[in-house]
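Where a number appears in this text, it was derived from the coordinates with a stated rule and is not lab data. Predicted model, so just to flag it, every value in this text is computed and none were measured. All Cβ positions, glycine included, derive from the backbone under ideal geometry; neighbour counts span all protein chains shown.
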């Protein structure tokens, strides 16, 4: 998923000027480039960015970055009053801070984001949307634009721009998102056929959690449906739809590669039918909380669908607790116990930095789902 944040990161690292709206115009002929008034001495957005890249303080303290970028932002707002709402956009608030972190400790990179956004000629509505909008919604908007013109915009397009430039009304956008939620939304055990259960197979250093058909006589999972694809061998369509497994492991000896990660278990394998993943993840987190210190995402790779599940846990699930993990270099805490490989979090394109990513955290949950499944006769422990 390529959004404005990814391009800002690209610009900051490579210091090469790039205007996604201009690139979109070159490919499609559709001009949504916004040309802002620039301070005296800057003939173009490229000139502004080149100057910022060349003169940005090497000692990147909060005070130095603020002193450098704040006057530029003030001048841009003076020349372009419509930018006024951006003055505090993206500013870090108290609730966003890490333990023992103060507002004064945070580098105000949002000021640089404003300057780069103006220099890159993004539409005003999209600049505002970048700070306050939803990356998921923007991705869906981009998909609709790509269907119309054959090219995906390489930044976060706002609903306002989508409506004005491409005739995508907000009602239609919401309808499209609603369709995705209905298609891919989490499903409940209440939809199980009578002979379908969730199995937890405890193998000491790891656990397999999967859907299965139980034998009507023994009450045990049918060998033909066990472990790999719970309901893959029958012709009944309803049985073909419910399948999935999650394998979670104790870090054990692999802690030397990943870190102790707060004593949590790790997702090793995750494969499910659409909509049937979140229920298995609930059980996996609960089991890992009972048998270790919670669960962390896979440290090698995480699919977009799995990333969305973890993001939902972090942002929306009050019954799930997320704990921030450190990186292997003790950047956050002096203790080693919470050190954890953060490569997947650093590669998370939806996160501005790795600490913002749901993949950088450890999750715990009380066994409410397991208890409900047990009471309903839908959980088998092996």
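Working note: Cα atoms of region 189-381, range along each principal axis, descending, whole Å: 56, 31, 28. Modelled label positions at residue 255 and residue 25, each set 7 Å beyond Cα in the direction of Cβ, lie 5.8 nm from each other.
Working from label points 7 Å from Cα in the Cα-to-Cβ sense, the residue 160 to residue 191 distance is 3.7 nm.
Taking R0 as 30 Å, what's the FRET efficiency between residue 35 and residue 352 from their Cβ-Cβ distance, rounded to 0.05?
Values: r = 26 Å, r/R0 = 0.88.
Calculated transfer efficiency: 0.70.
Residue separation of residue 59 and residue 301 scaled by 0.36 nm, minus their Cα-Cα distance, works out to 83.7 nm of gained length. Packing-based ranking of 35-45, 71-81 yields 71-81, 35-45, ordered from highest to lowest mean Cβ neighbour count within 10 Å.
Given R₀ = 51 Å, FRET efficiency for residue 80-residue 215 by Cβ-Cβ distance, to 0.05?
Values: r = 71 Å, r/R0 = 1.38.
Step by step, r from the Cβ atoms, then E = 0.10.
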